[in-house]
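What follows is a short report on a single structure.
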Amino acid sequence: MDTNASNFFSCRITRVRHGAILTEVSLATPGGQALVSVVTSESFERMVLSEGAGVMALVKPAEVLVGKDGVRPRLSARNSFAGTVASIRGDGVAVEVTGRLDGGPPMCALITARSLESLAIRVDDAVCFFFKAFNVILSAE
């Protein structure tokens, strides 16, 4: 698969909740991590997906938020993963924070340099990565 999304999760569909306009898709990775995606019902049907089917879940780095201090705040973002910062790369305006998820794939987030500074994020810090279910793109395997 060729895409510009840096964050990939190989998943199985564990639950589907259909609505007239949108469909909520619950997913599980081989490592046991749970994700949720919300897609249009039309696209879900077009991809011919069902419970048990394999999919790739993709999230663009600009859609990923980073939190620190070991607290998972109550947010509207359905997807939350604990991890450790592996690398930080920036240009003075934007910063790419790459982390290792606990029991999962690498995660990349793009944040502003000001956010990095205000959170005082450093390599090896424990962080949480967050993203909304609406930001999870599904691709049929």
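Within region 117-136, being open to solvent by less than 30 Å² (accessible area, probe 1.4 Å) and either free of Cβ contacts under 8 Å to residues at least 60 places away in the same chain or assigned to a loop (DSSP other than H, G, I, E, B) (or both) holds for I121, V136.
Residues that are of a type outside the set (D, E, K, R) and loosely packed, with under 13 Cβ neighbours inside 10 Å were ranked within region 82-96; the one that is farthest from F131 (Cα to Cα) is G92.
Here K60 clears all of (1) within 11 Å of the chain's Cα centre (by Cα); (2) open to solvent by less than 30 Å² (accessible area, probe 1.4 Å); (3) of a type in the set (D, E, K, R) except the condition numbered (2).
The values are calculated or read from the model by the stated rules, or taken from the named source; none is laboratory data. If you're wondering where the values come from, they're calculated on a predicted model, not measured in any experiment. Heads up, the Cβs are rebuilt from the backbone with ideal geometry, glycines too, and the neighbour counts pull from every protein chain shown. For the accessible areas, the whole protein counts, side chains as well, though only heavy atoms, and no ligand, DNA or RNA atoms are used. Shrake-Rupley method; radii C 1.70, N 1.55, O 1.52, S 1.80 Å.
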